[in-house]
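Remarks on the structure that follows.
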Amino acid sequence: MDITTHIKVACTGKDALEMIQEQWQFTGPYIQRDNRKLILLDINMPGMDGFEFLEISSELNLPNTYVAVLSSSSLEADRTKASQYHVIDYIEKPLTRTKLEELFVKIHE
């Protein structure tokens, strides 16, 4: 599966939320099964950290959207806090091909 043409990058949490609201409009009663979206979310972002993003995004209706935290933080407190939101995984950097493939398996289960 070639995903490289479908990658969108946001440098801040605010930019990511704006991108979601502008480009990920979900209209109509049907959502295509293969329309899954994966957000790789860093905890430490400028302006709005990952937890603030999770708080705000949890109030949005984002069907078929999965969030995985990708962070350099190995703190158990960060893992615990992230688990309070709808995240499918907490991955410590660096992101490897194996870890990415495991995420794809999770969102296609």
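Quick note: the coordinates plus some simple rules give every number you see, no bench work behind them. Every value quoted in this text rests on a predicted model; they were computed, and no experiment measured them. Here the Cβ is made from the backbone with ideal geometry for all residues, glycine too, and neighbour counts use every protein chain on show.
Points to keep in mind about this one:
- A Förster radius of 35 Å combined with the Cβ-Cβ distance from Ile56 to Glu102 puts the calculated FRET efficiency at roughly 0.85.
- For the chain, the mean residue ellipticity at 222 nm estimated from helices alone is -10000 deg cm²/dmol, where every DSSP H run of n ≥ 4 contributes -39500 (n - 2.57) and the total is divided by all residues, rounded to the nearest 500.
- Amide H contacts under 5 Å for Ile91, placed H, 5+ residues apart: Val69, Leu70, Ser71
- In order along the range 74-87, the Karplus-derived 3J(HN,Hα) couplings, from 6.51 cos²θ - 1.76 cosθ + 1.60 at θ = phi - 60°, round to 9, 5, 4, 4, 5, 4, 5, 5, 5, 5, 6, 10, 7, 10 Hz, and Gly and Pro are given as x.
- Charges were assigned to the Cβ only: +1 to each Lys and Arg, -1 to each Asp and Glu. The resulting dipole of the chain about its Cα centre is roughly 240 debye.
- Positive dipole terminus of the chain, leading residue within Gln23, Ile43, Ser57 (C-beta point charges): Gln23
- GNM top mover of Thr98, Thr12, Thr65 - the chain, alpha-carbon springs below 10 Å: Thr98
- D by Stokes-Einstein for the chain, Kirkwood Rh over Cα pairs, 10 °C, 1.306 mPa s: 108 µm²/s.
- Per-bin percent of Cα-Cα distances, the range 40-102 [5 Å]: 4, 17, 31, 25, 16, 7, 0
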